[in-house]
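**Student:** Please see the structure below; I have some questions.
Bear in mind these aren't lab numbers, they're just calculated from the coordinates by the rules spelled out. If you're wondering where the values come from, they're calculated on a predicted model, not measured in any experiment. Heads up, the Cβs are rebuilt from the backbone with ideal geometry, glycines too, and the neighbour counts pull from every protein chain shown.
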Amino acid sequence: MTFAETVRINLGAIWARARVRVVASWREKSWVVGETIFPFLAMSAFVLVYRGLKAPPIYEAFVVLGGAMIAYWNNVLWSMASQFFWEKEQGQLQLYLITPVSRMSILLGMALGGIVMTTSRAVVILVGGVLLFHVPLPLDRALPAFGLFLLTLGAVYSLGMILSSLFLLWGREAWYTATLFQEPIHLVSGFYFPVRTLGTIGAGLAALLPITLGLDGIRQIFYGEAAHGFLPLAWIPPIQVALLVLFVFLAQRALATMENLGKREGRLTLRGG
Amino acid sequence: MSHGRSPAAVETNALTRTFGARRKEREVVALQGVDLRVERGECFGLLGPNGAGKTTLIKILTTLLLPTSGGATVAGFDVVRDPLNVRRRINMVSGGDSSGYGILTVRETLDLFARLYGVPGAEARRRADALLAMTGLAEKADTRLSNLSTGMKQKLNFARGFMSDPEIIFLDEPTLGLDVEASRDVRAFIARWVRERPERSVLLTTHYMVEADELCGRVAIIDKGRILALDTPHALKRSVPMEPVFELQVGSGGAELDGLRDVLGIRSISHHAHPATGAIELKIVVDEDQVIGEVLGKLKAMGAPVLHLAKSEPTLETVFIHMVGRGLTDEPAPDSETS
């Protein structure tokens, strides 16, 4: 098989796997409601609390941006990290593993599909927040913010690729593990408040997560000093690039390790005999 | 491993797989020194009861599991050292499983798996149409998987395996859980696929004798991880030492049938009246085939008209029982060491 043929097949695999997510996000009406309206209500609750406490209006903007970003983290945990585990439980993982495409293409397809799927929720929260609560969003700074947003998504979903392999090996505990990664990270990532509030050590640890750093940077791009940023804005893009490269490398290693271990111990499939 | 011949579709050499030893559990031996060669263009059957090691062998050959020792090649490529080249040439269907996502339609599911094998769009559509027609799913092409019955999902899974038009297909109990009619359709499709593509190969595992007998040019009988016999179904059946057994039905107007016992060469004879027709059904074991001529002559002399005569042939089940000491569907002995 030529290099061009290999590229063609893998691009096809990325598209095919992404398409499952994209189709799912629009075909299932209950999902559209559950993934857009309900998270919007959750975000609204935080806005109303800040309003009730007479917090500075900038805090409402923190909540809206955090509410949009939290959607991606939840997608990484529930639809990315846990996916291989569920695929295995359904007997589907082996069908992917016997195909001649790279496992990274399957993961990349899942990630891209997840991003498209989740963007609808993020857009509803963002647009709804701006229109309904009159949250200030300086559009003249949207382009650099969008650039950092894309970089952050790259790092976050690369982390999701690593977790996907690890969750598969952790097996039955995937559900509990996802919950473990969800609530504490919701707390420390500063989705609804500036992460600097956690103190240097707390914020430093939270900043190991690309979503925390990305959110911190995007808020700084939009609101400058008022964003109470943790790290200087200039540091954040290079750190995100470094995390992206590191996570992609680790994801490849984790995937290869998972597959080899699974093939050695017979843990990639369910049926025996 | 090629012995100077062209690469076999499948070749295994002292293939062994054990489970459990790493975790200090009791070691389970799933495959013990399996030597096998499946030629190109062959439909090869692996017949054995549940837990014989059939699925373990398929998993190794499809690169999903590593052997503990020994080796295996598929289309001439080593399953451990060159799995990518193996995967380009194979596909697999596990009976009882379903594939795809509930949110996708039948056609979208086939398209998904076609893309994973790089099948161009137009060709994928052509193959999907043909497979949907064969499996009787054409009318369900635009139905979501979540709205299909279990049997339909299994048929779709079967169609999925052929979307890549593989050089070698592994069918692991392909009719498991299907109703009689669907099983017959699946067997007919496999037979046609092999006939129309003489260069393609099938490795079929089953514990249904009819399936192996009907489809396979050669059959290996496997139990407790060991290949016990390997030959054509006909040769396997002939290998079982079995005295000739004839089944007759004679009209109820016959005289005393016990008189038949006087015929030389009859080893045993049993008879009973058919509850509905009143005809007498006889089962006669003889020393050699020629004896039945004398039996027929005696019946004629008794005035008992012969309505039906058939010679019982050994089946693959008979072969299995002869070799293993139990039936294909019987549970193995409690001290079994295989999985």
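**Student:** Of all beta bridges DSSP finds with both residues in the protein assembly as shown, what is the antiparallel percent, to the nearest 5?
**Tutor:** 65
**Student:** If I fit a long axis through the Cα atoms of helix A:103-133 and take the longest principal axis of the Cα atoms of chain A, what angle between them do I get, 0 to 90°, rounded to 10?
**Tutor:** 20
**Student:** With n ≥ 4 as the cut-off for DSSP H runs, can you work out [θ] at 222 nm for chain B, using -39500 (n - 2.57) per run divided by the number of residues, rounded to the nearest 500?
**Tutor:** Numbers: 10 runs with 103 residues, N = 339.
The helix-only estimate for chain B comes to -9000 deg cm²/dmol at 222 nm.
**Student:** Can you compute the charge dipole magnitude of the protein assembly as shown about its Cα centre, using +1 on each Lys and Arg Cβ and -1 on each Asp and Glu Cβ, nothing else charged? Give it in debye, rounded to the nearest 20.
**Tutor:** Approximately 2060 debye in magnitude.
**Student:** Continuing with the same structure: Ranked highest first by average number of other Cβ atoms within 10 Å, how do A:245-258, B:48-61, B:220-233 line up? Please report the intermediate quantities before stating the final value.
**Tutor:** Numbers: A:245-258: 16.8, B:48-61: 25.5, B:220-233: 20.4.
Going from most to least packed, we get B:48-61, B:220-233, A:245-258.
**Student:** Hey, which of these cross-link pairs are over 29 Å Cα-Cα: A:K29/A:K54; A:K29/A:K88; B:K59/B:K311; A:K263/B:K153; A:K29/B:K59?
**Tutor:** Details: A:K29/A:K54 37 Å; A:K29/A:K88 26 Å; B:K59/B:K311 41 Å; A:K263/B:K153 27 Å; A:K29/B:K59 39 Å.
Table pairs above 29 Å Cα-Cα are A:K29/A:K54; B:K59/B:K311; A:K29/B:K59.
**Student:** Another question, if that's okay. Positive end of the charge dipole of chain A (Lys, Arg +1 and Asp, Glu -1 on Cβ, about the Cα centre): tell me which of A:W86, A:V241, A:T36 has its Cα farthest that way.
**Tutor:** Towards the positive end, the residue furthest out is A:W86.
**Student:** Quick one: which of A:76-82, B:210-216, B:154-160 comes out on top by average Cβ neighbours within 10 Å, and what's the full order, highest first?
**Tutor:** On the way: A:76-82: 22.6, B:210-216: 20.7, B:154-160: 24.9.
Taking the mean over residues of other Cβ atoms within 10 Å, the ranking is B:154-160, A:76-82, B:210-216.
**Student:** Sticking with this one: How do B:126-135, B:98-107, B:295-304 rank on mean C-beta neighbours within 10 Å, highest first?
**Tutor:** Highest to lowest by the protection proxy: B:98-107, B:126-135, B:295-304.
**Student:** Going 7 Å from the Cα of B:S146 in the Cα-to-Cβ direction, what parts of the stretch A:2-44 have a backbone nitrogen less than 18 Å from that spot?
**Tutor:** A:19-38
**Student:** Note down the magnitude of the dipole of the stretch B:22-110 about its Cα centre, charges +1 on Lys and Arg C-beta and -1 on Asp and Glu C-beta and zero elsewhere, to the nearest 20 debye.
**Tutor:** The calculation lands at about 220 debye.
**Student:** Continuing with the same structure: Could you pull out every residue, at least 5 positions away or on a different chain, whose amide H is within less than 5 Å of the one on B:T143? Hs are placed 1.01 Å off N in the peptide plane, and Pro or chain starts have none.
**Tutor:** Hits under the 5 Å cutoff: B:V106, B:R107.
**Student:** Could you run the Debye sum over the Cα atoms of chain A, one equal point scatterer each and no solvent, and tell me log10 of I(q)/I(0) at q = 0.08, 0.09, 0.10 Å⁻¹, two decimals?
**Tutor:** Each listed q corresponds, in turn, to -0.35, -0.44, -0.54.
**Student:** Once label points are set 7 Å from the Cα along Cα→Cβ at both B:E247 and A:A256, what is their separation, rounded to one decimal in nm?
**Tutor:** Label at B:E247, label at A:A256, 6.1 nm between them.
**Student:** With a 10 Å cut-off between alpha carbons and a GNM built on chain B, which of B:V219, B:V186, B:V306 moves the most?
**Tutor:** B:V306
**Student:** Dividing the Cα convex hull volume of the stretch B:180-224 by residue count, how many Å³ per residue is that?
**Tutor:** Considering the Cα atoms of the stretch B:180-224, their hull volume per residue is 77 Å³.
**Student:** Check A:A207: other-chain or 5+ apart residues with amide H under 5 Å from its amide H, H built from backbone geometry?
**Tutor:** It is none; the list stays empty.
**Student:** Here is a further query. Give me a single rounded figure for B:95-103: the average over its residues of other chain Cβ atoms within 10 Å of their Cβ.
**Tutor:** 5
**Student:** Next question, about the same structure. Taking 8 Å as the Cα distance limit and 6 or more residues as the minimum spacing, I'd like the relative contact order of chain B as a percentage.
**Tutor:** Over chain B, the number comes to 20 percent.
**Student:** Other chains near A:229-238: what is the mean number of their Cβ atoms within 10 Å of each residue's Cβ?
**Tutor:** 0
**Student:** Using the Kirkwood radius built from alpha carbon pairs, what does the Stokes-Einstein equation give as D for the stretch B:245-312 at 20 °C and 1.002 mPa s, in µm² per second?
**Tutor:** 182
**Student:** Placing unit charges on C-beta atoms (Lys and Arg positive, Asp and Glu negative, everything else neutral), compute the dipole magnitude of chain B about its Cα centre in debye, rounded to 20.
**Tutor:** Here chain B has a charge dipole of around 1360 debye.
**Student:** Please identify the helices of chain B, taking whole runs of DSSP H, that span at least 15 Å along their own axis as judged from the Cα atoms and have a mean Kyte-Doolittle score of -0.5 or higher. Mind showing how you got there, number by number?
**Tutor:** Working: long enough: B:106-116 (16 Å, 0.32); B:121-135 (21 Å, -0.21); B:150-162 (19 Å, -0.59); B:180-196 (24 Å, -0.29); B:291-302 (17 Å, 1.01).
Flagged H segments are B:106-116, B:121-135, B:180-196, B:291-302.
**Student:** A further question follows. Using only the alpha carbon atoms of the stretch A:1-81, find the Kirkwood hydrodynamic radius as the inverse mean reciprocal pair distance, in angstroms to one decimal.
**Tutor:** 15.6
**Student:** Shielding of A:7-14 by partners, i.e. mean partner chain Cβ atoms within 10 Å per residue?
**Tutor:** Mean partner-chain Cβ count within 10 Å for A:7-14: 3.
**Student:** From Cα pairs below 8 angstrom and at least 6 apart in sequence, can you work out the relative contact order of the stretch B:245-312, rounded to a whole percent?
**Tutor:** Worked out over the stretch B:245-312, it gives 51 percent.
**Student:** Something else about it: Report the Cα-based extents of the protein assembly as shown along its three principal axes, largest first, to the nearest Å.
**Tutor:** Principal extents (Cα only, largest first): 116, 53, 48 Å.
**Student:** Once both axes come from the Cα atoms, what is the angle between helix A:142-170 and the longest principal axis of chain A, in degrees from 0 to 90, rounded to 10?
**Tutor:** With rounding to tens, the tilt is 40 degrees.
**Student:** Just to confirm the number: angle between the C-alpha axis of helix A:174-188 and the first principal axis of chain A, 0 to 90 degrees, nearest 10?
**Tutor:** 20
**Student:** Also, I was wondering about something else. Counting only residues 5 or more places away or on other chains, whose amide H sits under 5 Å from the amide H of B:R226 once H atoms are built in the peptide plane?
**Tutor:** B:Q32
**Student:** What Kirkwood hydrodynamic radius do you get for chain B when you take the inverse of the mean 1/r over all pairs of distinct Cα atoms, in Å?
**Tutor:** On the way: mean 1/r = 0.0439 Å⁻¹.
Result for chain B, one decimal place: 22.8 Å.
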